[in-house]
Amino acid sequence: RGEGMFSSTLANNRGNSAASAQLVTPTRFVWPYGGRRVFLSGSFTRWTEHVPMSPLEGCPSVFQVICNLTPGYHQYKFYVDGEWRHDEHQPFVNGNGGVMNTILITLPDMVPTGFSPSNMDVDDFSQQMADPSQDSIPRMSAVDLEMSRHRISVLLSTRTAYELLPESGKVIALDVNLPVKQAFHILYEQVYYIYHCISFSSFRDVPLSVCHSHGIPLAPLWDFGKGQFVGVLGPLDFILILKELGTHGSNLTEEELETHTIAAWKEGKAHISRQYDGTGRPYPRPLVQVGPYDNLKDVAMKILQNKVAAVPVIYSSLQDESYPQLLHLASLSGILKCICRYFRHSSSSLPILQQPICSIPLGTWVPRIGESSSKPLATLRPHASLGSALSLLVQAEVSAIPVVDDNDSLIDIYSRSDITALAKDKAYAQIHLDDMTVHQALQLGQDASPPYGMFNGQRCQMCLRSDSLGKVIERLANPGVRRLVIVEAGSKRVEGIISLSDVFKFLIGL
């Protein structure tokens, strides 16, 4: 990127005199102390451009780059693996932006005078570190934000969960006495006839639709003894089950999963989570559900506050003693589709839709140079163990983690739902979580037809930091898409991730 970088450097180097603006000296900068990713930034780029440095051939711990500098004093720093650094073996000064290296560029007829660091340049650095591109990003009006949120709130408050129901659809429900192993296979195969379905059919008041798949690896749980739905089984349960069973032996066995019913697992999970009632007995997490006439804002709030992927829409009649009817699984994707449909021909009434996502407090981002992050973006290497990937999913409380190469470029994504691929050919009984790599686990799921989360033939749905919020929302409203990975154009270097939850928290104002 030589010429482009140099011309940008000249264009941004306003601090030097006009007489010497066209006189430049190629200057080599070296960082000899190792690292994975090293950048150079300085007063000669007004601290707004961060130039990537390349490892020296044959010396991977030495990074270098050549920049054209105009005559005069310049300050600079290195950004090494997420930290600002200076070279202690080169001249340096203290300023408002911290310790930084200095360099003096002279011409043959130029006589250096006493050194006086430019406070303006140092101050520029401390300001631009927080937001290097602040001058080029359109600012979001507080009035536009408030107006947009109000209009979305009005829409969601006047629409009900009943409107999310498809004209025809199928939903899986599982008996709590079903063995975990069988449930595992059911969600993987997405079959339309489930274990104990014969028992359901003996009750005329229980709709047959509960015995069918809805295409999402989640299933409400039915308790015959109580005559009600009591919970939901999903990918996180299988992750915790495999991790828990894996601690009791070297390998997972079919027999271990065969002896665990869903009810037994839910009780064990309550022990693990230390959820106890007043008598010291464990109790499972209560079912989060909505009714068909609950408004969509309340539905979205329940999903967000309880950190679940979907909530069952259940109709219970107070006039008779019939069994409650499972109508649908409501998700944020369905609600977002409703918003898109309503504002499709009046997007101008939501001004924030035109705002680029990089200007909005939305999603989780890789910290830019000089920034800190309270919630770092988790990533995985393809050779990482499946066990470590599952642990990261649980500990980071995320539903998916980008898989990147050594340059942090996007390769794939591993989500909680991918765990169901271990049901294929009973792979869970033949592997150890710490012996299988993420790459192998993803390969295992490639034969699924179609794999969960696929859209337009792609597992990884991407966007750019310059994309508008409206464009991001349109993509997230597509079936099976629950998140977008923000990548750098060309290199596909991961810059962040935006989920459905992130979008709704922003739109609702949580």
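Annotations for the structure displayed:
- Residues (in a loop (DSSP other than H, G, I, E, B) and hydroxyl-bearing (Ser, Thr, Tyr)) located in segment 63-79: 70
- Unique match (being open to solvent by 40 Å² or more (accessible area, probe 1.4 Å), more than 35 Å from the chain's Cα centre (by Cα) and modelled with pLDDT under 85) among 7, 20: 7
- Check on residue 314, of a type in the set (Val, Ile, Thr), touching a Gly at 6+ places or on another chain (Cβ under 9 Å) and either surrounded by fewer than 12 Cβ atoms within 10 Å (Cβ to Cβ) or under 15 Å from residue 287 (Cβ atoms) (or both): yes
- All of (1) touching a Pro at 6+ places or on another chain (Cβ under 8 Å); (2) at pLDDT 80 or above hold for residue 166 with one exception: (1).
- Flag if residue 309 is surrounded by fewer than 17 Cβ atoms within 10 Å (Cβ to Cβ), closer than 20 Å to residue 184 by Cα and at pLDDT 75 or above: no
- When segment 38-61 is limited to residues that are open to solvent by 30 Å² or more (accessible area, probe 1.4 Å) and in a strand (DSSP E or B), the one that is nearest to residue 93 (Cα to Cα) turns out to be 39.
- Within segment 160-188, residues that are β-branched (Val, Ile, Thr) reach partners that are part of a strand (DSSP E or B) and modelled with pLDDT under 80 with beta carbons closer than 8 Å, at six or more positions or on different chains, in the pairs 172/211; 186/172.
- Candidate set from segment 186-242 (those that are farther than 14 Å from residue 263 by Cα and charged (D, E, K, R)); member that is modelled with the highest pLDDT: 189
- Once segment 425-477 is narrowed to residues that are modelled with pLDDT under 80 and of a type in the set (Gly, Ala, Ser), the residue that is nearest to residue 339 (Cα to Cα) is 453.
- The listed residue being touching a Ser or Thr at 6+ places or on another chain (Cβ under 8 Å) and either of a type in the set (Lys, Arg) or surrounded by 15 or more Cβ atoms within 10 Å (Cβ to Cβ) (or both), out of 356, 367: 356
- Condition check for residue 302: more than 19 Å from the chain's Cα centre (by Cα), over 19 Å from residue 478 (Cα atoms), at pLDDT 85 or above and surrounded by fewer than 20 Cβ atoms within 10 Å (Cβ to Cβ): yes
- Any pair with Cβ under 9 angstrom, 6 or more apart, that starts in segment 365-392 at a residue that is under 17 Å from residue 410 (Cα atoms) and among the aromatic types (Phe, Trp, Tyr) and ends at one that is open to solvent by 60 Å² or more (accessible area, probe 1.4 Å) and at pLDDT below 90: 365/371
- Note on segment 375-430: residues that are assigned to a loop (DSSP other than H, G, I, E, B) and more than 21 Å from residue 37 (Cβ to Cβ) amount to 5.
- Top-ranked residue of segment 394-412 - restricted to ones that are over 27 Å from residue 60 (Cβ atoms) and in contact with a Leu (Cβ under 9 Å, 6 or more places away or on another chain), ranked as least open to solvent (accessible area, probe 1.4 Å): 400
- For residue 480, the conditions (1) open to solvent by less than 40 Å² (accessible area, probe 1.4 Å); (2) out of contact with any strand residue (DSSP E or B) (no Cβ under 9 Å at 6 or more places or on another chain); (3) modelled with pLDDT under 85 all hold with the exception of (2).
The values are calculated or read from the model by the stated rules, or taken from the named source; none is laboratory data. Worth saying up front: this structure is predicted, and the values here are computed from it rather than measured. Every residue, glycine among them, receives a Cβ derived from its backbone with ideal geometry; neighbour counts consider all protein chains shown. These area figures cover heavy atoms from the full protein model, side chains too; ligands, DNA and RNA do not enter into them. Shrake-Rupley method; radii C 1.70, N 1.55, O 1.52, S 1.80 Å.
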